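Contents: one structure, followed by commentary.
The values are calculated or read from the model by the stated rules, or taken from the named source; none is laboratory data. Values in this document were obtained by computation on a predicted structure and should not be read as measured data. With ideal geometry, Cβ positions are generated from the backbone for all residues, glycine too; neighbour counts draw on all protein chains shown. To get the accessible areas, we keep the full protein, side chains included, count just its heavy atoms, and leave off ligands, DNA and RNA. Shrake-Rupley method; radii C 1.70, N 1.55, O 1.52, S 1.80 Å.
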Amino acid sequence: MPLTLTLTEGVLPEGREKIAFSRLSDAMLKWHGMGGNDAMKRNIVGSIHVLPKEHTYSGSQEAPVAFVEWKVPSFVFASREVQLGYVEEATDIIHELSLAQHPRERIWVNVVHAVDGAWGIAGVALTNAQLGAGAVAA
């Protein structure tokens, strides 16, 4: 499950980006009842993008921003409780790691769901049922 963390340079002190990625990943697993599940943790992949200040915008003007985006099967983040809890915790993580300098209103969390059957791993298109069976087996 890919996580993309996009930050304006300076939003987090240098070196804290990796800590943020790890904490955001752990929080996602926790909210789905899979905290400590090493098999699922191995399936979290992603990237960190740190962009120059002149390349990030809010309100159509240059501004420091933080974007936390997950691309997941449609059964992940399906519960309203999980959505509310994760968005709050993810926002708290970025805000805390910014040393409370980056405003919470410039932290966005987004989840993109894959169409059932269009989740591909190693060249195989998997259905939600196949993915769910794999998660249970993990």
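Atom-type composition of the exposed protein surface of the chain places 54 percent of the accessible area on carbon and sulfur (1.4 angstrom probe). Over the chain, DSSP H runs of length four or greater, each weighted -39,500 (n - 2.57), average out per residue to a 222 nm ellipticity of -11000 deg cm²/dmol.
In this structure, the amide hydrogen of Glu9, modeled 1.01 Å from its nitrogen in the peptide plane, lies closer than 5 angstrom to those of Leu51, Lys53, counting only residues at least 5 positions away or on a different chain. Partner aspartates and glutamates whose Cα lies under 13 Å from the Cα of Lys41, excluding those fewer than 8 positions away in the same chain, are identified as Asp26.
May I ask which residue of Val87, Phe77, Phe67 lies farthest towards the positive end of the charge dipole of the chain, with charges of +1 (Lys, Arg) and -1 (Asp, Glu) on Cβ and the Cα centre as origin? The residue sitting farthest along the positive end of the dipole is Phe77. Taking amide H as placed 1.01 Å from N in the peptide plane, the amide H of Leu126 sits under 5 Å from that of Trp119, Gly120, Ile121, each at least 5 places away or on another chain. Relative to the current alpha-carbon distance between Glu81 and Gln130, full extension at 0.36 nm per residue lengthens the span by 15.2 nm. Charge dipole of the chain (Cα centre as origin; +1 on each Lys and Arg Cβ, -1 on each Asp and Glu Cβ, all else neutral): 280 debye, rounded to the nearest 20. Within the full protein context, the accessible area of Leu99 is estimated at about 100 Å² for a probe radius of 1.4 Å.
Rolling a 1.4 Å probe over the protein heavy atoms gives the chain an accessible area of 56 Å² per residue. Think of region 25-138 as having a plus end and a minus end, set by charges on the Cβ of Lys, Arg, Asp and Glu; of Leu131, Met28, Leu97, Leu131 sits farthest toward the positive end of this dipole. Accessible area of Arg106 (1.4 Å probe, protein heavy atoms only, ligands and nucleic acids ignored): about 80 Å².
Remark: region 52-68, residue by residue, has Karplus-estimated 3J(HN,Hα) of x, 3, 7, 10, 10, 9, 8, x, 6, 10, 3, 6, x, 9, 9, 10, 10 Hz, where x stands for each Gly or Pro and the curve is 6.51 cos²θ - 1.76 cosθ + 1.60 at θ = phi - 60°. Normalising the Debye intensity of the chain to I(0), with uniform scatterers on Cα atoms only, and taking log10 at q = 0.16, 0.19, 0.21 Å⁻¹ returns -0.85, -1.11, -1.27.
Ordered by solvent-accessible area of protein heavy atoms (1.4 Å probe), largest first, the residues Thr4, Thr56, Thr127 come out as Thr127, Thr4, Thr56.
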